[in-house]
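Trainee: Let me give you the structure first, and then I'll get to my questions.
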Amino acid sequence: QVQLVESGGGLVQTGGSLRLSCATSGRTFSTYDLGWFRQAPGKEREFVAAIGRSGATAYADSVKGRFTISRDNAKNTVYLQMNSLKPEDTAVYYCAASEFYSVLRNNYKYWGQGTQVTVSS
């Protein structure tokens, strides 16, 4: 069992930055792959970024070059640095853990409760 708790969301202006954190507990952090997803009102939850146990990363095209995912195995924490934010980035952001390095939502077994990110124009 894995518990995930996101933090760092908030209100920011267009062009601003935020760093999301996801603290985990339970199963050994370094043994699973991690991802960030987001869900805007009226839309399905979509993939944002993933980081594998090896450190390999993947990004959605919409955030490539603006967002960076990283992990600190010593702190059992995964981060999402978000720069050059746009109003269309407004969503609830979720971190998730998986036994597979994947961009597919259904491959993620454990989820956090989400943190709201709002980008004003």
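The values are calculated or read from the model by the stated rules, or taken from the named source; none is laboratory data. Note that this is a predicted model, so its numbers are computed, not measured. Using ideal geometry, Cβ is built from the backbone for each residue, glycine included, and neighbour counts are taken over all protein chains shown. The area values use the complete protein model at the heavy-atom level, side chains included, leaving out ligands, DNA and RNA. Shrake-Rupley method; radii C 1.70, N 1.55, O 1.52, S 1.80 Å.
Trainee: Restricting segment 4-62 to residues that are out of contact with any Gly (no Cβ under 6 Å at 6 or more places or on another chain) and among the basic types (Lys, Arg), which is most open to solvent (accessible area, probe 1.4 Å)?
Mentor: Residue satisfying both the conditions and the ranking: Lys43.
Trainee: Among all residue pairs at least 6 apart or on different chains, which show Cβ distances below 7 Å where the first residue, located in segment 26-49, is farther than 20 Å from Met82 by Cβ and at pLDDT 90 or above and the second is aromatic (Phe, Trp, Tyr) and open to solvent by less than 60 Å² (accessible area, probe 1.4 Å)?
Mentor: Within 7 Å, no pair qualifies.
Trainee: Here's another thing I want to ask about it. Just the residues that are among the polar types (S, T, N, Q) and closer than 16 Å to Gly26 by Cα, please, taken from segment 66-89.
Mentor: Asn73, Asn76, Thr77
Trainee: Do we find that Ser62 is more than 12 Å from the chain's Cα centre (by Cα) and at pLDDT below 95 in this structure? Spell out the reasoning first.
Mentor: Working: more than 12 Å from the chain's Cα centre (by Cα): yes; at pLDDT below 95: no.
No.
Trainee: If you go through segment 64-91 one residue at a time, how many are under 18 Å from Gly42 (Cα atoms) and either in contact with a Lys or Arg (Cβ under 6 Å, 6 or more places away or on another chain) or crowded, with 18+ Cβ neighbours inside 10 Å (or both)?
Mentor: 3
Trainee: Give me the residue from segment 100-119 that is farther than 17 Å from Cys22 by Cα and in a loop (DSSP other than H, G, I, E, B) and, out of that set, least open to solvent (accessible area, probe 1.4 Å).
Mentor: Ser102
Trainee: Kindly establish whether Val5 is on the phi < 0 side of the Ramachandran plot and touching a Phe, Trp or Tyr at 6+ places or on another chain (Cβ under 8 Å). Even if it seems obvious, please write down each step before you answer.
Mentor: Values: on the phi < 0 side of the Ramachandran plot: yes; touching a Phe, Trp or Tyr at 6+ places or on another chain (Cβ under 8 Å): no.
The answer is no for Val5.
Trainee: While we're on this one: Which of the strands (runs of 3 or more DSSP E) contained wholly in segment 1-61 include at least 1 residues that are in contact with a strand residue (DSSP E or B) (Cβ under 9 Å, 6 or more places away or on another chain) and among the polar types (S, T, N, Q)?
Mentor: 2-7, 10-13, 18-26, 33-39, 57-59
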